[in-house]
1. Towards the positive end of the charge dipole of the chain, with charges on Cβ (+1 Lys, Arg; -1 Asp, Glu), say which of 123, 335, 317 has the farthest Cα.
2. How large is the helix-only mean residue ellipticity at 222 nm for the chain, computed as the sum of -39500 (n - 2.57) over DSSP H runs with n ≥ 4, divided by its residue count, in deg cm²/dmol to the nearest 500?
3. Restricting things to Cα coordinates, could you compute the convex hull volume per residue of the chain in Å³?
4. Over the Cα atoms of the stretch 172-345, how large are the radius of gyration and the largest Cα-Cα distance (Dmax), in Å?
5. Running a GNM on the chain with Cα contacts under 10 Å, which residue among 39, 234, 226 ends up with the highest mean-square fluctuation?
6. Kirkwood hydrodynamic radius of the stretch 126-190 from all distinct Cα pairs, in Å?
7. Percent relative contact order of the stretch 172-345, based on C-alpha pairs within less than 8 angstrom and at least six residues apart?
8. Just subtract the alpha-carbon distance of residue 1 and residue 187 from 0.36 nm times their residue separation and send over the number in nm, one decimal.
Amino acid sequence: MRVIVSGGGTGGHIYPALALIKRLQARHLLESILYVGTKTGLEQKIITQAQIPFEVIDIQGFKRKLTWENVTTVKLFLQSISRARKIIQKFQPDIVVGTGGYVSSAVVYAAHRQKIPTIIHEQNSIAGLTNKFLGHFVDKIAYAFPEAATQFSEKKKLVFTGNPRAQEVAHLKPNKRLQEIGLRSDLATVLIFGGSRGAAPINRAVIQLIPQVARLSYQVLFVTGKVHYEKVQKQLSSTLPANVRILPYIDDMPAILPDVALVVGRSGATSIAELTALGIPAIFIPSPYVTHDHQTKNAQALVEQHAAVMIPESELTATRLLQQINQLMIQPQLLAKMQQRSQKIGVVDASDRMIKVMLELIAKAK
Ligand SMILES: CC(=O)N[C@H]1[C@@H](OP(=O)(O)OP(=O)(O)OC[C@H]2O[C@@H](n3ccc(=O)[nH]c3=O)[C@H](O)[C@@H]2O)O[C@H](CO)[C@@H](O)[C@@H]1O
């Protein structure tokens, strides 16, 4: 099949798209692929690194308040639809897939106008603005949290698939990748990261607790987010405990995750898909700055199943965080139970479920 995929901004929209593309490739279902994204999001780097053809369109998000900037946004939106239309006419896709972020609104909408089959993927428990808009036009809406289904009015379009990134990581086994970054293979590892862009409030708490990690029996891999890395380095004392490593970003997260005992971080939907596919217990500190507080809802779904615990950002301190990490790390049996509960939530055939719907849509259109 000939496929255009569009999703942008943050890793949470891009990695599921990439996972779906990789699965289509692995099943030899792809005749040709094109990814459409922006210059400003993380997608250009991630997608071109994966050697997938990439086209750029300019678009920006609407401000929720009425501002003059929205006039420019509307102008850019109309221009981007016209650009998307040209890209689609040239590429002639059998289907167009949107995984969220402003850029996908133009591409998927333009495809719908050209009567090309369309499907969107909603990763979160509360649907994003883009997907809510596109939900009115697309043929199918794939979703990963049962709660998301209540937010789209056309129920016939809905199909539960889980998040394609879950299938990509589900069968990975522990490997020695942590040693390559200077950590030991005989110690349990706590991975701390604030989503794909890092999170300053989490970084601040972690900077304070790091000196105390020296006396603990586990090791910590702290990923700051690229934009925060220099600032974090400046705030840390020059000698790091031997059981701590700090990185700006991990390019190949799936290679690291199977070796991790506990994750501390934001509750972005794609991170959750990965953690539940592998059954990794987590301490979530949801971002309060996202639409309709959706990360709290994402996290609650796991907390209710005793697969994770949650610390609201308003209650986050270094002391509280370290206490919570220690409490879990000294109870291997509790961690093991959380692991099992987490794994029960994972949808390990998510890409295949989505591909099945795509094949049906293409067959129907022929
Ligand atoms: C601030 C914001 O708007 N966050 C949203 C964004 O989060 P964000 O982009 O942070 O998304 P997620 O936490 O869902 O996913 C992060 C992705 O980046 C990867 N990763 C992360 C760090 C790293 O060093 N290397 C790496 O590869 C993770 O493995 C994961 O695949 O999209 C998610 C999915 O729609 C939403 O649920 C989040 O609310």
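1. 123
2. Values: 15 runs with 163 residues, N = 366.
Counting only the DSSP helices, I get -13500 deg cm²/dmol.
3. Working: hull volume 49.2 nm³, N = 366.
It is 134 Å³ per residue.
4. 14.8, 42
5. 234
6. Numbers: mean 1/r = 0.0670 Å⁻¹.
14.9 Å is the Kirkwood radius here.
7. Details: 300 pairs, mean separation 40.1, N = 174.
Relative contact order for the stretch 172-345 comes out at 23 percent.
8. Numbers: separation 186, 0.36 × 186 = 66.96 nm, distance 4.57 nm.
Contour length minus the Cα-Cα distance gives 62.4 nm.
Just so you know, all these numbers are worked out from the coordinates, no wet-lab data involved. What you see is a predicted model, and the numbers here were worked out from it, not measured in a lab. So basically every Cβ, Gly included, is an ideal-geometry build from the backbone, and we count neighbours across all protein chains shown.
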